[in-house]
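Undergrad: Sharing a structure here in structure tokens format.
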Amino acid sequence: MSSADPNYTDANYKEERRNKRPYLFYSATRALCSKCLLVCDAKELVEDGKVYLWKRCLQHGPERVLLSDDVDYFKLCREVYLKPPEQVEQYNTGVKYGCPYDCGICPDHEQHGCVSLVEVTDHCNLRCPTCFASSGPERQTVRSMEQIEAMLDRVVANEGTAEVVQISGGEPTTHPQFFDILDACRQRPIKHLMVNTNGLRIAREQGFAERLAQYQPGFEIYLQFDGLTDEITQDLRGADLTEIKYKAIERLNEVGLSTTLVATLKRDVNDHAIGQIIEFAAKQPAVRGVTLQPIHDSGRNEDFNPDANRFPLSEVRRRLVEQFPTFTAADVLPVPCNPDSIAMAYALRGEGDEHSTLTPLTRYIPPEVLLDAGGNTIVYEGDKPLLGAAMKQIFETFSTSHGPEGAGNALRDLLCCLPQVEAMPNLGYERVFRIIIMAFLDKHTLDLRSVRKSCVHVPSRDGSKMIPLDTYNIFYRDEPERQHLQQLRQITTTGLRKTQTYGAV
């Protein structure tokens, strides 16, 4: 239509001339400037099949961070896999400076701690180039038993009965009172206890694995395992560790001690090895699953480039199904307590000699049960009692708050909701295999909506409060971070901050 046409109007002219931005606006939020760590305005944008976090600091200008390379999965997390937030038994701080400067847990936080991470030492017998705790042999500080007991008491005070407690560090097995710490945990209402370890002591010390096995049931080893070659361990851990890892797993198999293999994923280092790790894990009788943690910018992170090395959860999910096609994308589901940051897949092992054969859980779930989630994610009642019960059980099953035994029970309960699935009387926890993708937030990716659902919490060293791990790493871990936090709080209180003017984002 041209301006000579008698039907041409000013509206037509404006429509032709109006500029359009090259993206879809999804939502507005608040995020961190990665340079000064002040909270700034941000928005989530969909462009070229990817989702970005755009943010603008008044002092340092705009930033763009990749959140997801799969728009459909991103929307699945935001719009479908949701459930009412579950709260802590008691809050530890008030709201004074605003999120994320009040941790924790304050009344504005939306999720209790599915996993409580208790760091008992800064010391480690390795000095990994990649370590969000910045641990190493040079760091000699260990928590006293009095401190550790106070930290455990804080976990229980916040959680009531704590679902999962993970003893970590540093390398926790180097603590001089390591077994006293495990005993102290057993004296408290903790459903499932884990030890986060590099496995060196398990591999090298005769009888160590046997002593650990005495803490079963409800006990698990969370074993650092980044791949099957020394090139991988040399890059991520600074040493050739493959044979030591194999030896540790051999001993864990011998004593039948439940184990999860935990891989830190770094682009162009071990992102090709996801399928190999899962295939190896499935062959180990004691291994109950694999956790994949894409690298994030916290602590010691040598040669990390946030633009080149960013590895979003959605890409890990896609690589997983490409490299281990036993699973499809539909098998790897968001975890409702924190769907932005955690995805999970369950499989059933074969019996006996077929234990390495995996059958994904979703093969047992009718499509209408999964599809029903789209219209009825929160309210389970209604005119579809079977689907409602199954969907509720799916949400309870896909949770980080289970150890192997709890996962086995939840899975059995879920299958009982589905009458077309034959009874499985032999479905013990040893037949459950679980894959978790856990993507932690850092100063680049953290936004206030997402961090409020953080469900991995850390007790402060004095036992006075619980802090989400994502904010703990940025603001609360060591003295330099805490000093900078005080400066940020002062700026927040006084409103004194430098500003500049920037163009549109």
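The values are calculated or read from the model by the stated rules, or taken from the named source; none is laboratory data. Since the model is a prediction, treat every value here as computed from it, not as a measurement. Because the Cβ atoms are built from the backbone with ideal geometry, glycine has one as well, and the counts that use them run over all protein chains shown.
Undergrad: For region 151-180, give me each residue that is surrounded by fewer than 22 Cβ atoms within 10 Å (Cβ to Cβ), under 20 Å from residue 472 (Cβ atoms) and not polar (S, T, N, Q).
TA: Answer for region 151-180, where residues must be surrounded by fewer than 22 Cβ atoms within 10 Å (Cβ to Cβ), under 20 Å from residue 472 (Cβ atoms) and not polar (S, T, N, Q): 153, 156, 157, 163, 175.
Undergrad: For region 247-291, what are the residues that are under 19 Å from residue 311 (Cα atoms) and assigned to a strand (DSSP E or B)?
TA: Once the filter is applied, which keeps residues that are under 19 Å from residue 311 (Cα atoms) and assigned to a strand (DSSP E or B), region 247-291 yields 262, 263, 264, 265, 290, 291.
Undergrad: Which count do you get for residues in region 27-64 that are of a type outside the set (Asp, Glu), crowded, with 21+ Cβ neighbours inside 10 Å and under 18 Å from residue 313 (Cα atoms)?
TA: Here the count works out to 2.
Undergrad: Now for a different question. Considering only region 314-341, state which residues are touching a Lys or Arg at 6+ places or on another chain (Cβ under 7 Å) and among the β-branched types (Val, Ile, Thr).
TA: Matches in region 314-341: 332 only.
Undergrad: Here is a further query. Exactly one condition in (1) outside any helix (DSSP H, G or I); (2) over 16 Å from the mean Cα position of the chain (by Cα) is not met by residue 487; state its number.
TA: The one condition residue 487 does not meet is (1).
Undergrad: Follow-up question, since we're still on this one. List the pairs whose first member sits in region 88-101 and is more than 23 Å from residue 31 (Cβ to Cβ) and among the aromatic types (Phe, Trp, Tyr), whose second member is modelled with pLDDT under 95 and not in a loop (DSSP other than H, G, I, E, B), and whose Cβ atoms are under 8 Å apart, counting only residues at least 6 apart or on separate chains?
TA: none
Undergrad: Let me ask you something else. Taking residue 263, is it modelled with pLDDT of 95 or more and closer than 21 Å to residue 312 by Cβ?
TA: Considered against the rule, which asks whether it is modelled with pLDDT of 95 or more and closer than 21 Å to residue 312 by Cβ, residue 263 comes out as yes.
Undergrad: Among the residues of region 75-91, write down those that are surrounded by 15 or more Cβ atoms within 10 Å (Cβ to Cβ) and closer than 16 Å to residue 330 by Cβ.
TA: 76, 77, 80, 81
Undergrad: Identify the residue in region 324-372 that is closer than 30 Å to residue 447 by Cα, surrounded by 15 or more Cβ atoms within 10 Å (Cβ to Cβ) and hydroxyl-bearing (Ser, Thr, Tyr) and, among all such residues, is modelled with the highest pLDDT.
TA: Among residues in region 324-372 that are closer than 30 Å to residue 447 by Cα, surrounded by 15 or more Cβ atoms within 10 Å (Cβ to Cβ) and hydroxyl-bearing (Ser, Thr, Tyr), the one modelled with the highest pLDDT is 341.
Undergrad: Check region 291-307 and report whether any residue there is within 22 Å of residue 194 (Cα to Cα), surrounded by fewer than 23 Cβ atoms within 10 Å (Cβ to Cβ) and charged (D, E, K, R).
TA: Scanning region 291-307, I find no residue that is within 22 Å of residue 194 (Cα to Cα), surrounded by fewer than 23 Cβ atoms within 10 Å (Cβ to Cβ) and charged (D, E, K, R), so the answer is no.
Undergrad: Out of 56, 64, 78, 21, I need the residue that is in a loop (DSSP other than H, G, I, E, B) and either at pLDDT 95 or above or among the basic types (Lys, Arg) (or both). Which one?
TA: One residue alone meets the criteria, 21.
Undergrad: Which of the residues that make up region 135-178 are in contact (Cβ under 8 Å) with a residue 24 or more places away in the chain and among the charged types (D, E, K, R)?
TA: 139, 143, 149, 153, 154, 159, 163, 171, listed by residue number.
Undergrad: Please state which one of 212, 236 is assigned to a helix (DSSP H, G or I), crowded, with 20+ Cβ neighbours inside 10 Å and modelled with pLDDT under 95.
TA: It is 236.
Undergrad: So which helices (runs of 4 or more DSSP H) are wholly in region 92-209 and hold at least 2 residues that are polar (S, T, N, Q) and on the phi > 0 side of the Ramachandran plot?
TA: none
Undergrad: Give all pairs with beta carbons closer than 9 Å in which a residue from region 462-490 that is in contact (Cβ under 8 Å) with a residue 60 or more places away in the chain and surrounded by fewer than 19 Cβ atoms within 10 Å (Cβ to Cβ) meets a residue that is among the hydrophobic types (A, V, I, L, M, F, W, C) and in a loop (DSSP other than H, G, I, E, B); count only pairs at least 6 apart in sequence or on separate chains.
TA: Listed pairs, sorted by first residue: 484/37.
Undergrad: If residue 100 satisfies all but one of (1) surrounded by fewer than 19 Cβ atoms within 10 Å (Cβ to Cβ); (2) more than 22 Å from residue 156 (Cα to Cα), what's the number of the condition it fails?
TA: Status for residue 100: all satisfied but (1).
Undergrad: Determine whether region 107-120 contains at least one residue that is farther than 29 Å from residue 31 by Cα and modelled with pLDDT of 95 or more.
TA: Taking every residue of region 107-120 in turn, at least one turns out to be farther than 29 Å from residue 31 by Cα and modelled with pLDDT of 95 or more.
Undergrad: Any residue at all in region 427-444 that is over 30 Å from residue 314 (Cα atoms) and either modelled with pLDDT of 95 or more or out of contact with any Phe, Trp or Tyr (no Cβ under 7 Å at 6 or more places or on another chain) (or both)?
TA: Within region 427-444, one or more residues are over 30 Å from residue 314 (Cα atoms) and either modelled with pLDDT of 95 or more or out of contact with any Phe, Trp or Tyr (no Cβ under 7 Å at 6 or more places or on another chain) (or both).
Undergrad: Still on this structure, please answer the following. Return yes when residue 252 is at pLDDT 95 or above, within 20 Å of residue 326 (Cα to Cα) and of a type in the set (A, V, I, L, M, F, W, C) and no when it is not.
TA: So residue 252 does not fit the description; no.
Undergrad: Yes or no: residue 321 buried (at least 20 other Cβ atoms within 10 Å of the Cβ) and either aliphatic (A, V, I, L, M) or assigned to a helix (DSSP H, G or I) (or both)?
TA: Judged against the criteria, residue 321 is not a match.
Undergrad: Something else now. Residue check: is residue 244 part of a helix (DSSP H, G or I), touching a residue at least 12 places away in the same chain (Cβ under 8 Å), β-branched (Val, Ile, Thr) and surrounded by fewer than 23 Cβ atoms within 10 Å (Cβ to Cβ)?
TA: Criteria met by residue 244.
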